[in-house]
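S.K.: Take a look at this one; I'll ask things after.
The values are calculated or read from the model by the stated rules, or taken from the named source; none is laboratory data. The structure displayed is predicted, hence computed values, not measured ones. Note that we place each Cβ from the backbone using ideal geometry, even for glycine, and neighbour counts take in every protein chain shown.
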Amino acid sequence: MKRKILPIAGITSVIVLIAVQTFIIGQIWQQKNELFLLNSRQLSQQAVAFYDTEYRISGFEKALDLLDDYSSGISLKDAKLYKKEDNKQLTNTAVLKEVYKLLSENQELSSLLTKYFRSHGADGNINSFIEISSFDLLDFNMSYNLYNRAELKETPPDKGKILVSRFKLESNYYRISFDYYIDITDKREILFREMSISLILSTISTLIVLIIFLMAYRYLLEEKRLSDLKTDFINNMTHELKTPLSTITVASKTLELEQILSDRDKIISMARMIGKQSLNLNHLINLILEISIWERTEFEAEIKQMEVGPMLQEIVDSFRAGYREDAEITSNINLDGVTIKADVTYFTTMINNLLSNAVKFSPENCKIQINAITDGSNILISITDNGIGISKSDQKHIFEKFYRVSHGDIHKTKGLGLGLYYVSRIAGAHKGSIELSSQPGKGSTFTVKIPIEQN
């Protein structure tokens, strides 16, 4: 239960951290955005006041002159035709479009603001917007309101726009009120640049926490896997040790019976049984002790130069003679004159373990093929069976200590999960390696590679 709670708590903590970091970054962004808009508004208003005070210009002089000429050509009588009586508003008429076009295309305030901003060290490209509030046509005797925004449904201004000033101007043939807005087109880039340090530090801290969590979670999974392997090993070892111990116990109790004491042949049979099981028990204990010694010290082998072909053939022949009668074992050994440096005992154990595994995990019509060749600098010994095979996920751990495949029929076979670990250590002690190629249901091929002794 504890193992399940820890990952959930860790994931929750990481999610909360990311959420908090996102919230903080969002708040900082909002504050900087508001401060940026405030500074831009103050600077733009200062610029308008500066040009009005120092140069007596608004930046709309040319546009207003053109607008006066345009307005003089529209009579009030014609203007009434533009007014829609049903809702008393002018929408998208040619007159209003022309007024807006004259103001937008001929105003010079945007260039003046850009110049003022740069002189005060402010970045950003300025884009301007004009919103007309009202527009009246004037005659010598009367005026006529052609457009009034108050009559329309109010629309809230875009938060990204900065209101610079409200203009109310009048000439001979018109009266106009409009708002002048600006927008800093590269505002996002500026804010990102200002927040770059905060963003980088936040991202780095989040990544560090995430990496630490993933490493801790990985170690937790590894600890769980090792714990499961340890439990499985203890269970298997108990089972393996219990069999010979039980046999010895039963045999010793049998020897105490009166009818057995008078039968010399049965006493000898029981004694042989006890001896055989004692050897099995001693073999298991020695194997565990050897593995324990390997963990504390370097693997020590009595390396000698030997011709590998005849030795390998002898190992195969001996195994064929002493194993299952239904096992069809064939060999193709092409290692004439090839020598390697090897420990005969450990080398024999390595090949026997691979052959033993091939037989144990194969069906009744067991077929095993041993091939041995050279690639110029190494000998390659391949042992192929038609057994149940090994999945991809298990292949990653198959050479680890105590590891046993825990699904399918393979679990029905006795063992401590030390055989292939033993084989990999022996191959490594001979400066070689072992590889596995397998598919579930299609058998397995173990290939041992050992360097050739160069003359």
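S.K.: Would you mind telling me which numbered condition in (1) hydroxyl-bearing (Ser, Thr, Tyr); (2) surrounded by 18 or more Cβ atoms within 10 Å (Cβ to Cβ); (3) assigned to a strand (DSSP E or B) Thr330 fails?
M.R.: Here Thr330 meets the rest and fails (2).
S.K.: Something else about it: Within the stretch 223-245, does at least one residue satisfy the condition of being closer than 30 Å to Gln21 by Cβ, out of contact with any helix residue (DSSP H, G or I) (no Cβ under 8 Å at 6 or more places or on another chain) and part of a helix (DSSP H, G or I)?
M.R.: yes
S.K.: State whether the residues of the stretch 194-205 include one that is part of a strand (DSSP E or B) and either among the aromatic types (Phe, Trp, Tyr) or over 26 Å from Glu131 (Cβ atoms) (or both). Break it down into steps so the answer makes sense when it comes.
M.R.: Keep residues of the stretch 194-205 that are part of a strand (DSSP E or B), which gives none.
No; the residues of the stretch 194-205 include none that is part of a strand (DSSP E or B) and either among the aromatic types (Phe, Trp, Tyr) or over 26 Å from Glu131 (Cβ atoms) (or both).
S.K.: Can you tell me which of Ser406, Ser438 is at pLDDT 85 or above and not assigned by TED's automatic domain parsing to the domain that holds Ser227?
M.R.: Ser438
S.K.: Please state which one of Ser393, Ser356 is more than 27 Å from Glu328 (Cβ to Cβ), out of contact with any helix residue (DSSP H, G or I) (no Cβ under 6 Å at 6 or more places or on another chain) and at pLDDT below 85.
M.R.: Working: Ser356 fails: more than 27 Å from Glu328 (Cβ to Cβ).
Every option except Ser393 fails the conditions.
So that you can scan it fast, the table gives a plain yes or no per residue for (1) more than 30 Å from Gly73 (Cα to Cα); (2) at pLDDT 85 or above; (3) outside the structural domain of Trp29 (by TED's automatic domain parsing); (4) among the charged types (D, E, K, R):
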residue: Ala122; (1), (2), (3), (4): yes, no, no, no
residue: Ile126; (1), (2), (3), (4): yes, yes, no, no
residue: Asn145; (1), (2), (3), (4): no, no, no, no
residue: Glu151; (1), (2), (3), (4): no, no, no, yes
residue: Tyr180; (1), (2), (3), (4): no, yes, no, no
residue: Asp186; (1), (2), (3), (4): yes, no, no, yes
residue: Thr203; (1), (2), (3), (4): yes, no, yes, no
residue: Val209; (1), (2), (3), (4): yes, no, yes, no
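S.K.: Same structure, new question: Looking at the stretch 251-279, which of its residues are under 60 Å from the mean Cα position of the chain (by Cα), at pLDDT 75 or above and hydrophobic (A, V, I, L, M, F, W, C)?
M.R.: Ala251, Met273, Ile274, listed by residue number.
S.K.: Continuing with the same structure: Check the stretch 195-206 and report whether any residue there is within 32 Å of the chain's Cα centre (by Cα), surrounded by fewer than 17 Cβ atoms within 10 Å (Cβ to Cβ) and closer than 30 Å to Glu400 by Cβ.
M.R.: no
S.K.: Which members of the stretch 309-327 meet the condition of being in contact with a helix residue (DSSP H, G or I) (Cβ under 8 Å, 6 or more places away or on another chain) and part of a helix (DSSP H, G or I)?
M.R.: First, pick out the residues of the stretch 309-327 that are in contact with a helix residue (DSSP H, G or I) (Cβ under 8 Å, 6 or more places away or on another chain): 311-312, 315-316, 319, 323-324, 327.
Met311, Leu312, Ile315, Val316, Phe319 - these are the residues of the stretch 309-327 that are in contact with a helix residue (DSSP H, G or I) (Cβ under 8 Å, 6 or more places away or on another chain) and part of a helix (DSSP H, G or I).
S.K.: Another question about this same structure. Identify all residues within the stretch 113-126 that are of a type outside the set (D, E, K, R) and either in contact (Cβ under 8 Å) with a residue 60 or more places away in the chain or surrounded by 13 or more Cβ atoms within 10 Å (Cβ to Cβ) (or both); write none if there are none. Quick ask: steps written out before the conclusion?
M.R.: Within the stretch 113-126, the first condition is being of a type outside the set (D, E, K, R), and the residues that meet it are 113-114, 116-117, 119-122, 124-126.
Leu113, Thr114, Tyr116, Phe117, His120, Ala122, Gly124, Asn125, Ile126, listed by residue number.
Here's the yes/no breakdown for (1) more than 20 Å from Glu453 (Cβ to Cβ); (2) surrounded by fewer than 21 Cβ atoms within 10 Å (Cβ to Cβ):
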residue	(1), (2)
Leu335	no, no
Lys341	no, yes
Phe347	no, no
Met350	no, no
Glu364	yes, yes
Asn371	yes, yes
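S.K.: Give the residues of the stretch 333-379 that are closer than 19 Å to Ile390 by Cα, among the charged types (D, E, K, R) and in a loop (DSSP other than H, G, I, E, B), sorted by residue number.
M.R.: Matches in the stretch 333-379: Glu364 only.
S.K.: Hey, Ile293 hits all of (1) surrounded by fewer than 19 Cβ atoms within 10 Å (Cβ to Cβ); (2) modelled with pLDDT under 80; (3) not in a helix (DSSP H, G or I) but one; which does it fall short on?
M.R.: (3) is the only condition that Ile293 fails.
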